Each structure stands twice: as structure tokens, then as C-alpha cells.
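The values are calculated or read from the model by the stated rules, or taken from the named source; none is laboratory data. These figures come from a predicted structure and were not determined experimentally. As a convention, Cβ positions derive from the backbone with ideal geometry for all residues, glycine included, and neighbour counts pool all protein chains shown. Surface accessibility is based on the protein's heavy atoms, side chains included, excluding ligands, DNA and RNA. Shrake-Rupley method; radii C 1.70, N 1.55, O 1.52, S 1.80 Å.
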Amino acid sequence: MAAADHSPDAQLVQTRHRASLVASWDIEPGSTVLELGCGQGDMTAVLAEAVGPQGRVVAVDVADPTYGAPVTLGESAARLAASPLGPRIDFRFSTDVRDLSVDFPSDAFDHVVLAHCSWYFASLGHLRDTLARVRPWARRLWFTEWDLTPTRGDQLAHLLAVLIQGQIEAAGSHGEGNIRTSFSREALLRLLPETGWTTDGDGPVDTDALQDADWEITACLDLTTGGERLAALSEPVRQLVLSQSDVLRAVAAPHGNRPLAAYWVTAR
């Protein structure tokens, strides 16, 4: 992965997390996979390894290939394309599957995967329309995301960072951060039947080794120290966000904050 040039230890942890997920899923060699929200390819690489030389991964993201830091989506895709996994991957950036110009035959894919990408969606309506759109194309859905329900007190800082960023977005001050629409596991389970999917399994995901709590706390505190996005909020919302940020500063550790757990759901 190209990001490993900047943070090799972090990249290894993130890749191991995704490899553990895929190992617990029923994705066999030779499978065809549609990955939505592929980003810089963290899960794409693991899926490409899982499907083997005879398999195929179509990796889709609405973002432009110039998006992302410290490595752009395009730079990361180019690194993967030049690797032994490259022939198995078809990257499609600046692509919204809700667009009717994007189409695949019925059951073109054995699996559709959304892994730690659903909070990037602009709204639950956007996610609902996406899941409904891809329903005829794939036989099975594999979905994983952070769980908003904390299981212990030292996850509070991560939860606050998530909720504050989601609140800012919901109030109409939009940005390009990781968290735009934070929703619960229960909200997803309510949503799936509306899109034609039938849930047939779910479970918890261990995230203790991941660094995402620190990343989101830093992003949140940077966001709430001022700037245009904070100024765009109404006065009551801005004061609420600032007060919540005070609490976040009080409960967050300098580093090594414990992340929320995650969950996986599968549907047919």
C-alpha cells in the first residue's frame, strides 16, 4: 500500500484488521466482488488476495482520484495496479452507482462489500438508494462499520469525536472528513429491508489495535478550534459543539485512545 511509505506500522495494523474480517466472510477464490467506497484500497487489496488470480474486484468510489492525504486515491490505486494483485482489480473513481449510466447485469457479482465507508455517505438516504441500486447486481452483501454504542468508559472520547463531527455535518456545515453521516447498527438493520436485502448474520468486530480513535479525536478538535465550518453554524449549534469539544478535551488521552468496537452484517 502506498500509505505504508508514510506510516508503515499503521498500515500494517489496518491491513491486518481487514484481512481478519475477510477471513471470517465467505468469499471464495474465483469470486467476483463489487466494493463500494474503496478509498485508498485498504480493503481492496485484501479482497483481491482473497479472490485469487481467477477472481475480480471492481472497486468504486465517488471521490476524485486526487482526493486523499498523505496519499491520494489515484496514487494508491496506481501502486496496487502495478503489484501482483493489479490484474484482479478494476478501480472506478468519480463513480456514483446511483447514476443510471453505471450498470451491471443481474447477479454480475457474488458479493458486494462496504467496509468502514458508510459514514462517508452524505446522508442515510444516499446510503439507502445505493444499497437498493446494487441489490440486483450481487447475491450477497458484506457490511462493516464502527458501532456507536460504547461497551466501556474509555471509548467515550472516540464516541464524542464521532458525534460532534456528525452533528456539524447534520447542521449543514459540510466538509470532506471521514465522518459525515454517523448512524447506529440498529439504524442499518432497519434500513436494509427497505432496500431489498434480508439480513442473515451479524457480529462484533475487535478494533482494539486500530488507531482510528486518535485520528478522529485530532480531526474533531482541529475542526472545532475555529474556521469557516464552525462559523457557518447557527449560534446555538456552535455553542453546543464548543461545549461538547470542551468535554472531549477533558476526557481524551494525549494518544492511545481506545476505539469504539465495530460490527459486521451480512445480507442476501
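In this entry, Trp215 is excluded by the filter for residues that are surrounded by 12 or more Cβ atoms within 10 Å (Cβ to Cβ) and touching a residue at least 60 places away in the same chain (Cβ under 8 Å).
On the given criteria, is Ala132 within 30 Å of Phe104 (Cα to Cα), modelled with pLDDT of 95 or more, open to solvent by 10 Å² or more (accessible area, probe 1.4 Å) and aliphatic (A, V, I, L, M)? Reasoning before the result, please.
Numbers: within 30 Å of Phe104 (Cα to Cα): yes; modelled with pLDDT of 95 or more: yes; open to solvent by 10 Å² or more (accessible area, probe 1.4 Å): yes; aliphatic (A, V, I, L, M): yes.
Taking the combined requirement at face value, the residue satisfies it.
In the range 29-53, the qualifying residues are those that are farther than 20 Å from Thr266 by Cα, open to solvent by 40 Å² or more (accessible area, probe 1.4 Å) and not acidic (Asp, Glu), and the one that is modelled with the highest pLDDT is Pro53.
Does the range 162-203 hold any residues that are among the hydrophobic types (A, V, I, L, M, F, W, C), closer than 19 Å to Ser243 by Cα and under 16 Å from the mean Cα position of the chain (by Cα), and which are they? Don't jump to the end; show me each part of the working.
The first filter runs over the range 162-203 and keeps only residues among the hydrophobic types (A, V, I, L, M, F, W, C), leaving 162-164, 168, 170-171, 179, 183, 187-189, 191-192, 197.
Restricting the remaining residues to those that are closer than 19 Å to Ser243 by Cα gives 162-164, 168, 170-171.
Of everything in the range 162-203, those that are among the hydrophobic types (A, V, I, L, M, F, W, C), closer than 19 Å to Ser243 by Cα and under 16 Å from the mean Cα position of the chain (by Cα) turn out to be Val162, Leu163.
Taking helices (runs of 4 or more DSSP H) as the structural unit, those lying wholly within the range 117-235 and holding at least 3 residues that are in contact with an Asp or Glu (Cβ under 7 Å, 6 or more places away or on another chain) correspond to 156-170.
Looking only at the range 4-28, filter to residues that are part of a helix (DSSP H, G or I) and open to solvent by 60 Å² or more (accessible area, probe 1.4 Å); which one of those is modelled with the lowest pLDDT? Give the steps one after another, and end with the answer.
Taking the range 4-28 first, the residues part of a helix (DSSP H, G or I) are 4-5, 8-24.
Right, trim to open to solvent by 60 Å² or more (accessible area, probe 1.4 Å) and you get 5, 8-9, 12, 16, 20, 23-24.
On the way: Asp5: 77, Pro8: 86, Asp9: 87, Leu12: 90, Arg16: 94, Ser20: 94, Ala23: 94, Ser24: 91.
The qualifying residue modelled with the lowest pLDDT is Asp5.
Exactly one condition in (1) over 15 Å from the mean Cα position of the chain (by Cα); (2) farther than 19 Å from Glu28 by Cβ is not met by Ala48; state its number. (2) is the only condition that Ala48 fails. Say we look at the range 11-56 and pick out the residues that are in contact with a Phe, Trp or Tyr (Cβ under 9 Å, 6 or more places away or on another chain) and of a type in the set (A, V, I, L, M); which of these is nearest to Asp202 (Cα to Cα)? The residue in question is Leu21. Screening the candidates Arg185, Arg268 for the property of being within 17 Å of Trp119 (Cβ to Cβ), in contact (Cβ under 8 Å) with a residue 60 or more places away in the chain and among the basic types (Lys, Arg) yields one hit, Arg185.
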